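Visitor: Please read through the structure below; I'll follow up with questions.
The values are calculated or read from the model by the stated rules, or taken from the named source; none is laboratory data. Nothing here was measured: the structure is a model prediction, and the numbers come from that model. Positions of Cβ are backbone-derived with ideal geometry, glycine not excepted, and every protein chain shown enters the neighbour counts.
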Amino acid sequence: MTTAAVRVRGLTREFTRRRAQPRLALDAVDLTVEEGEVHGLLGPNGAGKTTLCKILSTVLLPTSGTALVNGFDVVRETKQVRQGIGIVFGGERGLYTRLTARQNLMYWSALYQQPTRVAKARVAELLERMGLLERADDAVETFSRGMKQRLHLARGLIGDPRTLLLDEPTVGMDPVAARDFRSLVAELRGEGRSILITTHDMAEAESVCDKVSLIDGGKVIGTESPRTIGGWMSKYERVRAQGVPEEVRAKLRALPGVSEVRVEDDEEVLVSVDAEGAAARVLRTLVDAGVSAVSTSRPSLEEVYLHVIGDRGLAVR
Amino acid sequence: MIGLFLAAMRFQAQVVRREPDYLMSLVTIPLLTVAFLAIMGNAGRADLAPYAVVGAALMTIWATALFVSGELIDADRWEGTLEGVLAAPAPYQVAYLGRIATVTVISFLGLVESALIAWLVFGVTFPVPHAGLLVLTLACTAFSMVGTASIMAPLFVLARSARIFQNSLSYPFYLLGGTVVPVVLLPEWLRPVSKAIFLSWASDLLRDCLRAEEPVAAPARLGVIVGLGVLGFGIGHLLTRAVFKRVRENGSVGFA
Ligand SMILES: Nc1ncnc2c1ncn2[C@@H]1O[C@H](COP(=O)(O)OP(=O)(O)O)[C@@H](O)[C@H]1O
Ligand SMILES: [Mg+2]
């Protein structure tokens, strides 16, 4: 039997707060990331994604429960855990912004106890791979968001980790940068690394993951295939239209699979559906009625969760 | 371990080069050399010139430890790099010691600077009758300064109002450390306090190295300087561990 990259059982983390009720950031979470797998942790803001990543990377202690990374306990075997992981916390922070990309990586490499000669080669290789070689000797503060994030990933890879923890790595990136980033993730998977990637973006979860766990309110609601997530995105799609006459609105309401037809203040009509193929029926009805100002948009994660959790009869929080 | 220490030293040198405002005390405090020398000259005590030079230099060294080394962990906290440091397998204590060592070495330029100013502005030169001992004393002083600064860096993170604390460790310590005014000239009740501070031993011995007569009990005094430095490393080690323990318990923000 191979050891799972991540094995979490009954993991709970409570934050005590001044003059406030303690907050349960993680509530008895069970999660397994198999070796070589890209596992998505999909959840809205405040779901507990970062808290879980911090615990797995040994920088935060759990209140109770256990977590093993590469078979090592994150509380007791920190040294072994740290040797086997790379972490990428999303966002702007976490780099020495006045220093150059190369200087940053050389320091992190020292913190992974690599001899200078090895470090130099490894840093050059990573800079090249992340497409940062040309800007390697520029201060990080002059970098774009996407470049900073690639530098973060290079930093995460400095110790040649078996397991990568990526916490919302594409947050704030432009779409092109995010797409490039995802192909990098696919490459890393090809090298046999195990990856836990958190996101609140369903499309991202669908496109890069082998499995996706849904987290909300500190609880893991379930684990799904990316295809299922993709299905939800079309199943719960939303259609917006302008200049929709009242009789057409009534027609829309009567269509099977239409859950709501809401008229917003600017006379825009927002149609929500909750069945496969319903969005197409809505579009056809609108076009047939001569309505041309029509657009579709993805449902928000919160909406999908409401549907999914509702369908399964689970209570939120 | 040595590799990490050296890499951290190099890293800090790069930080200082990129952020020269770290060296403010090297710019401001030597002005004190001028002030001290002017006063002493006016009072007809040109013989006290070495006191002025040593005093201004030690103030620079102490201030740099306080305001640069003392900030290192806190700065990592604000940059968001602290968690990365904690999540790396290397002993973070060694990394911070390396960084502090660079800051300390640079701060010793204050001594060269003071001596140069004394010479350029006032034409003051002075012989160094005990050059070997002076070099040894400087090395021991640097060692203990690193040890003492390793207390400051975690202390300012752990202490509630770090700023107030920091400022209150500057002027009182210039005094208790006998940087300018030798400790023997302090009120009697202050002297025992001052004996617990390595700086007071260092400044006394440095001044003695510049006097003609043979410094008394030099090896023992060097031993005290080093011993207090070692004590500093020990306390610094424990406090740094306490900082990181707290980070792990509370999450990195929302403490102090
Ligand atoms: N250091 C902290 N102190 C108090 N509460 C915290 C702390 N960190 C996170 N929380 C709370 O825990 C919950 C989960 O947060 P987080 O793990 O950051 O969620 P996510 O990353 O999914 O957005 C939130 O309600 C958040 O406010
Ligand atoms: Mg988060």
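Visitor: Could you look through the range A:59-83, keep only residues that are at positive phi and away from ligand 1 (no atom under 16 Å from the Cβ), and pick out the one that is farthest from the other protein chains (Cβ to nearest Cβ)?
Guide: Filtering first and then ranking leaves A:71.
Visitor: Looking at B:199, B:169, B:185, B:190, which is the one that is crowded, with 16+ Cβ neighbours inside 10 Å and out of contact with any Gly (no Cβ under 6 Å at 6 or more places or on another chain)?
Guide: That would be B:169, the only listed residue that is crowded, with 16+ Cβ neighbours inside 10 Å and out of contact with any Gly (no Cβ under 6 Å at 6 or more places or on another chain).
Visitor: Against the condition in a helix (DSSP H, G or I), under 26 Å from residue B:45 (Cα atoms) and hydrophobic (A, V, I, L, M, F, W, C), how does residue B:121 come out, does it pass? Explain how you work it out, then say what you get.
Guide: Numbers: in a helix (DSSP H, G or I): yes; under 26 Å from residue B:45 (Cα atoms): yes; hydrophobic (A, V, I, L, M, F, W, C): yes.
Yes.
Visitor: Mind listing whichever residues of the range A:40-59 are closer than 13 Å to residue A:82 by Cα and either more than 10 Å from ligand 2 (Cβ to nearest atom) or not assigned by TED's automatic domain parsing to the domain that holds residue A:75 (or both)?
Guide: Selection gives A:55, A:56, A:57, A:58, A:59.
Visitor: Condition (residue is within 15 Å of residue B:139 (Cβ to Cβ), at pLDDT 90 or above and in contact with a His (Cβ under 8 Å, 6 or more places away or on another chain)) applied to the range B:198-215: is it met by at least one residue?
Guide: yes
Visitor: Let me ask something else about it. Would you say residue B:84 is more than 7 Å from chain A (Cβ to nearest Cβ) and in contact with a Phe, Trp or Tyr (Cβ under 9 Å, 6 or more places away or on another chain)?
Guide: The answer is no for residue B:84.
Visitor: Only one of B:102, B:148 is in a helix (DSSP H, G or I) and over 26 Å from residue B:191 (Cβ atoms); which?
Guide: Exactly one residue qualifies, and that residue is B:102.
Visitor: Kindly evaluate residue A:131 against the criterion of being small (Gly, Ala, Ser), assigned by TED's automatic domain parsing to the domain that holds residue A:61 and part of a loop (DSSP other than H, G, I, E, B).
Guide: Judged against the criteria, residue A:131 is a match.
Visitor: Another one. Considering only the range A:84-91, I want to know if a residue exists there that is farther than 19 Å from residue B:249 by Cα, within 14 Å of ligand 2 (Cβ to nearest atom), within 12 Å of chain B (Cβ to nearest Cβ) and not aliphatic (A, V, I, L, M).
Guide: Yes, because at least one residue in the range A:84-91 is farther than 19 Å from residue B:249 by Cα, within 14 Å of ligand 2 (Cβ to nearest atom), within 12 Å of chain B (Cβ to nearest Cβ) and not aliphatic (A, V, I, L, M).
Visitor: Mind telling me which of the residues A:190, A:222 ends up being away from chain B (no Cβ under 14 Å), closer than 22 Å to residue A:303 by Cα and surrounded by fewer than 20 Cβ atoms within 10 Å (Cβ to Cβ)?
Guide: That would be A:222, the only listed residue that is away from chain B (no Cβ under 14 Å), closer than 22 Å to residue A:303 by Cα and surrounded by fewer than 20 Cβ atoms within 10 Å (Cβ to Cβ).
Visitor: Whether any residue in the range A:151-171 is more than 27 Å from the chain's Cα centre (by Cα), within 11 Å of another protein chain (Cβ to nearest Cβ) and either in contact (Cβ under 8 Å) with a residue 12 or more places away in the chain or farther than 30 Å from residue A:47 by Cα (or both) is what I want to check. Lay out the reasoning, then the answer.
Guide: We begin by selecting, within the range A:151-171, every residue more than 27 Å from the chain's Cα centre (by Cα); these are none.
No, the range A:151-171 contains no residue that is more than 27 Å from the chain's Cα centre (by Cα), within 11 Å of another protein chain (Cβ to nearest Cβ) and either in contact (Cβ under 8 Å) with a residue 12 or more places away in the chain or farther than 30 Å from residue A:47 by Cα (or both).
Visitor: I'd like the full set of residues that are closer than 23 Å to residue B:147 by Cα and either within 14 Å of another protein chain (Cβ to nearest Cβ) or in contact with a Pro (Cβ under 9 Å, 6 or more places away or on another chain) (or both), limited to the range B:210-234.
Guide: The one that is closer than 23 Å to residue B:147 by Cα and either within 14 Å of another protein chain (Cβ to nearest Cβ) or in contact with a Pro (Cβ under 9 Å, 6 or more places away or on another chain) (or both): B:221.
Visitor: On to the next question. Which ones in the range B:216-256 are modelled with pLDDT of 90 or more and outside any helix (DSSP H, G or I)?
Guide: B:216, B:217
Visitor: Separate question: Look through A:139, A:178 and report the one residue that is within 14 Å of chain B (Cβ to nearest Cβ) and either more than 16 Å from ligand 1 (Cβ to nearest atom) or at pLDDT 95 or above (or both). Show your work before the answer.
Guide: Working: A:178 fails: within 14 Å of chain B (Cβ to nearest Cβ).
Every option except A:139 fails the conditions.
Residues checked against (1) away from every other protein chain (no Cβ under 14 Å); (2) within 16 Å of ligand 1 (Cβ to nearest atom); (3) touching a His at 6+ places or on another chain (Cβ under 6 Å); (4) polar (S, T, N, Q):
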residue	(1), (2), (3), (4)
A:183	yes, no, no, yes
A:194	yes, no, no, yes
A:199	yes, yes, no, yes
A:202	yes, yes, no, no
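Visitor: Looking only at the range A:47-58, which residues are within 13 Å of ligand 1 (Cβ to nearest atom) and β-branched (Val, Ile, Thr)?
Guide: Scanning the range A:47-58 gives A:50, A:51, A:55.
Visitor: Could you name every one of the helices (runs of 4 or more DSSP H) located completely within the range B:1-97 that has at least 1 residues being buried (at least 19 other Cβ atoms within 10 Å of the Cβ) and either more than 20 Å from the chain's Cα centre (by Cα) or modelled with pLDDT of 90 or more (or both)?
Guide: B:2-18, B:30-42, B:49-67, B:72-79, B:82-87
Visitor: Could you tell me which of the residues A:213, A:183 is within 14 Å of the chain's Cα centre (by Cα) and either among the polar types (S, T, N, Q) or surrounded by 16 or more Cβ atoms within 10 Å (Cβ to Cβ) (or both)?
Guide: Just a single option satisfies the conditions, and that option is A:213.
Visitor: Does at least one position in the range A:10-20 carry a residue that is more than 12 Å from ligand 1 (Cβ to nearest atom) and either of a type in the set (Asp, Glu) or within 14 Å of chain B (Cβ to nearest Cβ) (or both)?
Guide: There is at least one residue in the range A:10-20 that is more than 12 Å from ligand 1 (Cβ to nearest atom) and either of a type in the set (Asp, Glu) or within 14 Å of chain B (Cβ to nearest Cβ) (or both).
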